[in-house]
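As structure tokens, the structure follows; a few thoughts come after it.
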Amino acid sequence: MNTRTLLTLSLSLSLGLLGCADEKDPGADDPTNTATNGDTTGDVGGPGADGEDTAVGEDTDASGDDGGTDNGGTDDGGTDGGTDGSTGDDTGGTSDIDQGPDDWYAGQACDLFLEGGETILAASSQSDAGQALITPSEDTIYHIERSVEGDAYITLEVPDWHVELRAFANPGTTYEIYKTGGSGTLMLNGACPDEGISDQQWTIHDWGSYVIRFDASSPEPIYFAVMEQG
Amino acid sequence: MSWLLLALAAGCAGPPGAGADPDVWDWGLPEHFSEPEVPADNPMSAEKVSLGRLLFYDFQISVDGGRSCGICHEPAKGFTDGFVKAVGTTGDIHPRNTLSVANVAWRAALTWRDPAVLSLEAQLLSPLMGTEPIVEMGMGGEEALLLERLSDFAPYPELFEAVWPEEPAPISLDNAARAIAAYERTLITADSPYDRYLLGEEGALSEAALRGMGLFFGERLGCGACHSGLFLDRPLGDDGQLADAPGYFNTGLYNLDGEGAYPPDDPGLAAITGDPSDTGAFRTPSLRNVAVTGSWSHDGTVASLEDAVDNYARGGRLLEGVAYAGDGATSPYKSPLIAGFAISDDERADVVAFLEALTDWEALSDPRYADPFCRDDSGDPTDCLEPLSFD
């Protein structure tokens, strides 16, 4: 761990808090949505609130210095130091749901989610993560299957340099990516009707293989898609 | 300044390169290295090596400009690519891990599983032009496009003509392969702490590495039974002497069905020989620079050197809860040399310290092996070349 940069993403979304695609920017129209999540800090409020807070992921800890997770939502100061999973403390509010760009990638991811995924059996240890390889694809969403309870590991092979990746997962999925060395921005995207999807964007400078750990707290099933932008 | 002069401009003193006698290639080897054999029809020359270096790093030799030889054989990664399994320029995942090309001039067999691939000039056409098992650089059927690109890129006409002045059309696929092969033969790593130890330098190896070396070559672990010789890639024969030929072994990484099966995309040597008993047998790779060539094994699925040692200690790898689960230790095709051994955590750390002492850091950062193209932030080459260093 001492030589890798750890980018931890932790999404903790509640289906009940997520809006629909036809309700773009609910934060703008219904400021009470923020309150429904109990968020009281100024970190949430979304574009509808101040027009500047473009992503809940501004708090995402991409440095890896503390290996911690700052879920990008309201930070109550108690979650750094690990992959805190779906505690709900840092849950993004309804106002965040459509802060991710409603672009082609989000739409494509949404379509893929509706179609169902290609099953890949994840490893139960980091050592065996090479047994489950995926590559960025605009046409594939993976159903990450776990053979045993606990964390699940796969390896993402990024075959290009200096690329912007977009990762989409179903709500509640908590995952971390090892040695990305890039800066990530966590967003919650309302492109998919009803459920929404988590939407993460980060820069990969160096091609190669990157281990992704899905936290044991993630829901079953896990759906996950990674696309190369641009 | 002509491209030829630019390409030949001396950037660094010292070998490898042409010496005082232009007909004699100065390998610049330490005394424990012997000169490698070079094909009679492809003698070394400074001009050819310089041209080969350009071609090695030139993205134009892949169909979509996404790959070069050098990007998949990066010096800092021990002349490998850092992937679990190589990914071709069209996104296909190769069934195997990328082999290092360091010290390839001495390598008797060039691939993981085919003992018949002996010519570097011929082998490199496989990733360049081949479509099996995957498309790597994608130039298969695109030879005309490749030659057009080379002809249109300013340095090449002059450089090819300088190397093959007697040929009316020196820009050819065969000549490009010869130049790349000549350059690859100069990729020499011979100055690791282990090398300095072999040359008698006191203190070259740490105490841990010395202990690890003793374990590595000792009877209990027996690693040297497969990893002996100067490049630690040659087995010992029954007489205890270094074998004349490379060894192919099933190291017990897989046992899908309890009967020794390997993943269907790569059964190893058996795919070449048709002999089921060769299932899972792959050539013993060199361990030089092994600390920086991860991940490891023929398919890159061993995540750390510690894991590698543990697999051998167990007498084969146990995989549970994955698609290719099974106990490699019970494979009927496993080499009897993979019998397992007892090892403590401290001893394992010592063995890893020895493996780390096989890294020639100077060579891996040697500017003579670096990408000669100037590139912008996105990695695309700009219209300049840095002076090359072979004199």
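The values are calculated or read from the model by the stated rules, or taken from the named source; none is laboratory data. Please read all numbers here as calculations on a predicted model, not as lab measurements. As a convention, Cβ positions derive from the backbone with ideal geometry for all residues, glycine included, and neighbour counts pool all protein chains shown.
Only one of these is over 26 Å from the mean Cα position of the chain (by Cα) and not aromatic (Phe, Trp, Tyr): B:Gly260, B:Gly294. Name it. Spell out how you get there, then give the answer.
Working: B:Gly294 fails: over 26 Å from the mean Cα position of the chain (by Cα).
The match here is B:Gly260.
Among the candidates B:Pro165, B:Pro157, single out the residue that is surrounded by fewer than 17 Cβ atoms within 10 Å (Cβ to Cβ) and either at positive phi or not in a helix (DSSP H, G or I) (or both).
Within the list B:Pro165, B:Pro157, the selection yields B:Pro165.
Out of (1) touching a Cys at 6+ places or on another chain (Cβ under 7 Å); (2) within 12 Å of chain A (Cβ to nearest Cβ), the odd one out for B:Asp299 is which?
Unmet for B:Asp299, out of (1) touching a Cys at 6+ places or on another chain (Cβ under 7 Å); (2) within 12 Å of chain A (Cβ to nearest Cβ): (1).
Among B:Ala116, B:Ala144, which is over 25 Å from B:Ser295 (Cβ atoms), modelled with pLDDT of 95 or more and more than 13 Å from the chain's Cα centre (by Cα)? Working first, answer last.
Details: B:Ala116 fails: modelled with pLDDT of 95 or more.
Criteria check complete, one pass: B:Ala144.
Go through the range B:84-106 and give me each residue that's within 20 Å of B:Ala179 (Cβ to Cβ) and touching a helix residue (DSSP H, G or I) at 6+ places or on another chain (Cβ under 8 Å).
Within the range B:84-106, B:Val101, B:Ala102, B:Val104, B:Ala105 qualify.
On the given criteria, is B:Pro22 assigned to a loop (DSSP other than H, G, I, E, B), surrounded by 16 or more Cβ atoms within 10 Å (Cβ to Cβ), at pLDDT below 85 and away from chain A (no Cβ under 14 Å)?
Values: assigned to a loop (DSSP other than H, G, I, E, B): yes; surrounded by 16 or more Cβ atoms within 10 Å (Cβ to Cβ): no; at pLDDT below 85: yes; away from chain A (no Cβ under 14 Å): yes.
Spelling it out, it is not the case that B:Pro22 is assigned to a loop (DSSP other than H, G, I, E, B), surrounded by 16 or more Cβ atoms within 10 Å (Cβ to Cβ), at pLDDT below 85 and away from chain A (no Cβ under 14 Å).
So which of B:Gly91, B:Gly82 is facing another protein chain (nearest Cβ under 9 Å) and crowded, with 19+ Cβ neighbours inside 10 Å?
B:Gly82
Hey, among the residues in the range B:152-176 that are in contact with a Leu (Cβ under 6 Å, 6 or more places away or on another chain) and small (Gly, Ala, Ser), which one's farthest from B:Asp41 (Cα to Cα)?
B:Ala162
Look through the range A:114-150, keep the residues that are in contact with a Ser or Thr (Cβ under 7 Å, 6 or more places away or on another chain) and more than 10 Å from chain B (Cβ to nearest Cβ), and return whichever of them is surrounded by the fewest Cβ atoms within 10 Å (Cβ to Cβ).
Residue satisfying both the conditions and the ranking: A:Glu118.
Collect the residues in the range A:198-212 that are charged (D, E, K, R) and surrounded by fewer than 23 Cβ atoms within 10 Å (Cβ to Cβ), keeping them in residue-number order.
A:Asp206, the sole residue that qualifies.
Could you check the range B:132-144 and list, in sequence order, the residues that are more than 13 Å from B:Ile171 (Cβ to Cβ) and either in contact with a strand residue (DSSP E or B) (Cβ under 6 Å, 6 or more places away or on another chain) or surrounded by fewer than 14 Cβ atoms within 10 Å (Cβ to Cβ) (or both)?
Listed by number, the residues that qualify are B:Glu132, B:Gly141.
Can we say B:Asp371 is modelled with pLDDT under 95, farther than 29 Å from B:Glu201 by Cα and within 14 Å of chain A (Cβ to nearest Cβ)?
Here the answer is yes, as B:Asp371 does meet what is asked.
It is to be established whether one or more residues within the range B:63-70 are under 28 Å from B:Arg196 (Cα atoms) and buried (at least 22 other Cβ atoms within 10 Å of the Cβ).
Looking through the range B:63-70, at least one residue is under 28 Å from B:Arg196 (Cα atoms) and buried (at least 22 other Cβ atoms within 10 Å of the Cβ).
Considering only the range B:69-117, state which residues are free of Cβ contacts under 8 Å to residues at least 24 places away in the same chain, under 13 Å from B:Met137 (Cα atoms) and among the β-branched types (Val, Ile, Thr). Explain how you work it out, then say what you get.
Start the filter on the range B:69-117 by keeping residues that are free of Cβ contacts under 8 Å to residues at least 24 places away in the same chain, which leaves B:71, B:74, B:81, B:87, B:91, B:110, B:117.
Subsequent filtering for residues that are under 13 Å from B:Met137 (Cα atoms) retains B:71, B:87, B:91.
B:Ile71, B:Val87 - these are the residues of the range B:69-117 that are free of Cβ contacts under 8 Å to residues at least 24 places away in the same chain, under 13 Å from B:Met137 (Cα atoms) and among the β-branched types (Val, Ile, Thr).
Only one of (1) part of a helix (DSSP H, G or I); (2) at pLDDT below 95; (3) crowded, with 23+ Cβ neighbours inside 10 Å is not met by B:Phe56, so which one is it?
(2)
If A:Asp111 passes every condition in (1) surrounded by fewer than 16 Cβ atoms within 10 Å (Cβ to Cβ); (2) farther than 14 Å from A:Asn170 by Cα; (3) not polar (S, T, N, Q) but one, which one does it miss?
Of the numbered conditions (1) surrounded by fewer than 16 Cβ atoms within 10 Å (Cβ to Cβ); (2) farther than 14 Å from A:Asn170 by Cα; (3) not polar (S, T, N, Q), the odd one out for A:Asp111 is (2).
Only residues in the range B:35-55 that are touching a residue at least 12 places away in the same chain (Cβ under 8 Å) count as the first member; pair them with residues that are of a type in the set (Ser, Thr, Tyr), Cβ under 7 angstrom, at least 6 apart or cross-chain, and list the lot.
Here the result reads B:Val49/B:Tyr183; B:Val49/B:Thr186; B:Gly52/B:Tyr183; B:Arg53/B:Tyr183, each pair linking the range B:35-55 to a residue that is of a type in the set (Ser, Thr, Tyr).
Within the range B:230-260, how many residues turn out to be in a loop (DSSP other than H, G, I, E, B) and within 20 Å of B:Tyr333 (Cα to Cα)?
So the count comes out to 15.
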